[in-house]
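The values are calculated or read from the model by the stated rules, or taken from the named source; none is laboratory data. Note that the structure is a prediction, hence the values are computed from the model and not measured. So basically every Cβ, Gly included, is an ideal-geometry build from the backbone, and we count neighbours across all protein chains shown.
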Amino acid sequence: MNQPVRIGSVLLKNRLVLAPMAGLTDMPFRILCARGGAGLVCSEMVSSNALHHQDKKSFRLLRTDPEEHPVAIQIFGADPANLAEAAHLAEKAGADIIDINCGCPVPKITKTGAGMALMKNESLFEKCIDSVIRSVRIPVTVKMRVGLLKQKKLSLHFAKIAETLGVNALFIHARYGEDGRKGPADLETLAETVSSVRIPVFGNGGIKTAEDVSTYVQRTGCAGVMIGQAAIGNPRIFSEIILNKPSENTPESLRDKFNQIRTHAMMNVAHYGEKLGILRIRKFIPGYLRSSPYAVVMRKQLYSVCTLDLFNAILSDFEQKMTS
Ligand SMILES: Cc1cc2nc3c(=O)[nH]c(=O)nc-3n(C[C@H](O)[C@H](O)[C@H](O)COP(=O)(O)O)c2cc1C
């Protein structure tokens, strides 16, 4: 996994990619994951229709920072012209790669024909991808599922279409759409898909450890992997996997964990302002406190404050209790 890999013209220093996660893979967290060893980080999905209608919040999601490169901006939609416009805007905003979301199962998205619904409509899938590829000079990737329903494998067919259109790499979530973000990964179908195309395929779904990565690579031949939920509250998971050195529970590593939370909070406050920055870090707290005996009480206290000073005071209090 520590070998470089190319996605079109973009060279990744290793084969571990941070998955796009709405509400989570914002700029501060992507920077932390880039520092934590990710070979590529991916933004949360950005609505191409919202960008077309000049939505300010969506424009903010396109912002990138020099420290996080290479970065993929993921866009979603089902209107080829709007997707092309969004891809062009993302390229101008500093994206190294455009990723097209063809795997999101959330009804709010699929009922508009976007996300995973594109895997039900071959001609629209083709038009959307072709339109994006024609609108940018940077590489284009597609994130898809192995299929929507367990009885029906779709990724072989759609991967070939994507490759023929000129897509540079695929991110394949090996769970079926009906299983959402839990449930088993179908590594057999992923393996068949990997061997049916020549472009790099990154496997995704349930990866938490270096052993999980080895299983994916050995059983599917994938070029790399994408990690989502296991990175929440552990942006260093990428280097831990590369070094095969999982985080420990020593006082020293606990102190380091507290420092990571402080840094994340500070970056959030710089990016969003104090109130929103502290509010938005709440989603990461359960991840950071995973396996801590104080998790419940600490979470309750941290969720009750809106200023950085109070947030840090609670952290210091618990840090002292847990490390002395
Ligand atoms: C909170 C959350 C938000 C997500 N948002 C997106 C998204 O915006 N775009 C996307 O393609 N996938 C999204 N996903 C799916 C992840 O990218 C990934 O495919 C999935 O979590 C499986 O990987 P994992 O088992 O490593 O978490 C999201 C997942 C989670 C947990």
Do we find a residue being of a type in the set (D, E), in contact with a helix residue (DSSP H, G or I) (Cβ under 8 Å, 6 or more places away or on another chain), in a helix (DSSP H, G or I) and modelled with pLDDT of 95 or more anywhere in segment 189-198? yes
If we take segment 1-92, then strands (runs of 3 or more DSSP E) inside it with 1 or more residues that are assigned by TED's automatic domain parsing to the domain that holds E122 and within 14 Å of the ligand (Cβ to nearest atom) are 16-18, 71-76
Yes or no: segment 253-266 includes at least one residue that is within 16 Å of the ligand (Cβ to nearest atom) and either at pLDDT 95 or above or in a helix (DSSP H, G or I) (or both). no
Matching residues in segment 221-232 (more than 12 Å from the ligand (Cβ to nearest atom) and over 21 Å from L11 (Cα atoms)) number 0
All conditions in (1) surrounded by fewer than 20 Cβ atoms within 10 Å (Cβ to Cβ); (2) more than 14 Å from the ligand (Cβ to nearest atom); (3) not aliphatic (A, V, I, L, M) are true of T193 except (1)
Read through the list (1) among the aromatic types (F, W, Y); (2) more than 16 Å from the ligand (Cβ to nearest atom); (3) crowded, with 19+ Cβ neighbours inside 10 Å, then give the number of the only condition that Y288 fails. (2)
Please work out which residue is farthest from the ligand (Cβ to nearest atom), limiting yourself to segment 205-214 and to residues that are within 26 Å of E178 (Cβ to Cβ) and crowded, with 16+ Cβ neighbours inside 10 Å. V213
Tell me which residues, restricted to segment 133-184, are without any contact (Cβ under 8 Å) to a residue 24 or more places away in the chain and either part of a loop (DSSP other than H, G, I, E, B) or of a type in the set (D, E) (or both). Q151, K152, K182, G183, P184
Hey, can you tell me all the residues within segment 101-117 that are within 12 Å of the ligand (Cβ to nearest atom) and in contact with a Leu (Cβ under 7 Å, 6 or more places away or on another chain)? C102, M116
Out of curiosity, is K127 away from the ligand (no atom under 16 Å from the Cβ), over 15 Å from L83 (Cβ atoms) and either assigned by TED's automatic domain parsing to the domain that holds A185 or in a helix (DSSP H, G or I) (or both)? no
The residue from A174, A159 that alone is within 13 Å of the ligand (Cβ to nearest atom), of a type outside the set (F, W, Y) and crowded, with 19+ Cβ neighbours inside 10 Å is A174
Take the residues of segment 7-60 that are basic (K, R) and under 23 Å from N168 (Cα atoms): which is nearest to the chain's Cα centre (by Cα)? R30
